[in-house]
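What follows is calculated from the coordinates using simple rules that are stated; it is not laboratory data. In this text the structure is predicted, and so the values were computed from the model without any measurement. All Cβ positions, even for glycine, are placed from backbone atoms using ideal geometry, and neighbour counts span all protein chains on display.
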Ligand SMILES: [Zn+2]
């Protein structure tokens with residue numbers, strides 16, 4: 001039976017990064033009709049009530065109905081090391097990340113953490129994500145099995161490393177190819193799942209391994225590929241030392257067939273003009289991870305320059321290098337990073353980056369990340385008065401954006417009042 005959700009409604013009819021905030025559509029008394037897991041109608045509440053007299057009505061009052069959040073770059077195996085103190089990228093990997101990832105050789109541990117992570121994500125209103133797993137194929141199986149059990153549209157891949165990582169977290173060029181291919185054939189396109197070819201980053205892959213994964217991508221060009229790019233200055237110097245013949249960091253991927261339109265490059269902070277030009281030419285996407293970039297001390301992403309250059313950008317937590325599971329907190333950090341670069345993002349742009357922008361960066365924007373007829377009904381209800389501090393500020397708002405912005409800046413999982421996956425309520429209305 002059809003279900004009619006009534007509340008405030010926020011959706012997009014264009015890209016506010018390039019077209020401006022006016023492409024966002026807000027209704028103070030809007031509605032969505034869900035039928036067979038998809039959005040069957042969108043409009044004003046009174047009109048849809050009339051047109052769908054048989055639908056079961058859920059009235060959310062003043063809560064905001066939005067597409068669920070989409071997280072463009074996370075490491076689910078790092079769930080338990082989030083908020084670890086005092087390190088920068090390379091030390092952080094060695095001190096915290098690698099020991100944590102070592103434990104994923106145990107399939108039971110992998111299943112436990114995958115379940116823990118996905119439940120935390122849903123609590124925070126994140127309905128889709130693109131995750132790195134670990135070197136262990138079992139870590140990919142665990143993640144996809146748990147995502148499938150929850151009916152989620154999720155993406156992940158085996159994180160390949162064959163050098164500069166401890167014993168137990170290294171594969172080989174051939175094993176990376178063989179295991180990635182087997183996982184891809186097992187999971188890619190199964191239900192709502194997508195496999196993502198995943199070299200961690202060029203310092204931890206030999207040229208042979210990058211070439212092996214490049215040839216796998218050439219066999220499956222519709223499959224996404226994710227990796228890290230130009231996160232920290234020390235890292236870039238290390239890449240230069242490891243690949244003396246490369247023109248720049250991106251060239252270490254490009255040379256081995258790992259630059260393409262289905263590529264998602266995390267961080268991309270300290271890019272050279274040639275790198276920006278090449279990323280744009282091939283139509284690649286970037287994942288902006290602002291809480292990670294400040295937490296690990298990486299630098300300030302150039303949102304204005306890169307979106308004006310025509311690059312697709314999605315917002316991402318980078319859990320556990322990022323310091324929050326919340327896309328609201330992540331939007332707040334993106335705003336703060338923007339301010340430090342003299343580019344204050346409009347609330348419509350922040351919301352877009354965490355929903356349809358991220359979905360487009362991942363190549364799933366046709367299916368999720370917005371409210372439109374035919375899209376999959378992954379939705380959230382957001383309470384714009386979730387704490388006393390937010391409520392007193394929102395009460396002073398003169399328009400919708402002023403009412404929303406306190407939740408963007410100060411909100412967390414308490415603001416997520418309901419979550420629907422494929423039209424099914426998976427988090428009850430608080
Ligand atoms: Zn990352």
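Of note:
- Contact order normalised by residue count of the stretch 126-177, Cα under 8 Å, 6+ apart, percent: 37 percent
- Förster radius 45 Å - calculated FRET efficiency between residue 186 and residue 396 (Cβ-Cβ, nearest 0.05): 0.25
- Rounded to 5, the percent of DSSP beta bridges in the stretch 1-141 classed as antiparallel: 60 percent
- Cα-Cα separations in the stretch 226-329 greater than 18 Å, expressed as whole percent: 45 percent
- Global form of the stretch 330-430, assessed from the alpha-carbon gyration tensor, a/c cut-off 1.5: oblate
- Full extension of the chain between residue 336 and residue 19 yields a length gain of 111.9 nm, computed as 0.36 nm times the residue separation minus the alpha carbon distance.
- Stretch gain in nm, segment residue 38-residue 241, where the contour uses 0.36 nm per residue and the Cα spacing is subtracted: 68.0 nm
- Rounded to 0.05, the FRET efficiency of the residue 29 and residue 215 pair, given R0 = 51 Å and the Cβ-Cβ distance, is 0.40.
- Its relative contact order, with pairs defined as Cα atoms under 8 Å and 6+ residues apart, puts the chain at 19 percent.
- Once the gyration tensor of the Cα atoms in the chain is diagonalised, the equivalent ellipsoid follows with semi-axes of 35, 23, 20 Å, ordered largest first.
- Of all DSSP bridge pairs formed entirely within the chain, close to 45 percent run antiparallel.
- Residue-averaged 222 nm ellipticity for the chain, from DSSP H runs of 4+ at -39500 (n - 2.57), nearest 500: -10500 deg cm²/dmol
- The stretch 80-236: radius of gyration and largest Cα-Cα distance (Dmax), Å: 15.1, 42
- Sorted largest first, extent of the stretch 46-132 alpha carbons per principal axis (Å): 60, 29, 18
- Inverse of mean 1/r across different Cα pairs in the stretch 64-113, Kirkwood, Å: 12.8 Å
- Computed from the C-beta positions of residue 308 and residue 105, the FRET efficiency with R₀ = 60 Å rounds to 0.85.
- Separation of alpha-carbon centers, the stretch 375-430 and the stretch 127-206, rounded to whole Å: 32 Å
- Across all directions, the average projected area of the convex hull around the alpha carbons of the stretch 210-280 is 4.4 nm².
- Normalised size of the stretch 243-302, defined as Cα radius of gyration per 2.2 N^0.38 Å with N residues, equals 1.15.
- Centroid-to-centroid separation of the stretch 279-336 and the stretch 106-126 [C-alpha atoms, Å]: 23 Å
- Start at zero, step by 10 Å, and the Cα-Cα distances of the stretch 1-82 spread as 17, 37, 24, 18, 4, 0 percent across the bins.
- Relative contact order, whole percent, for the stretch 323-430 stands at 27, derived from Cα pairs under 8 Å and 6 or more residues apart.
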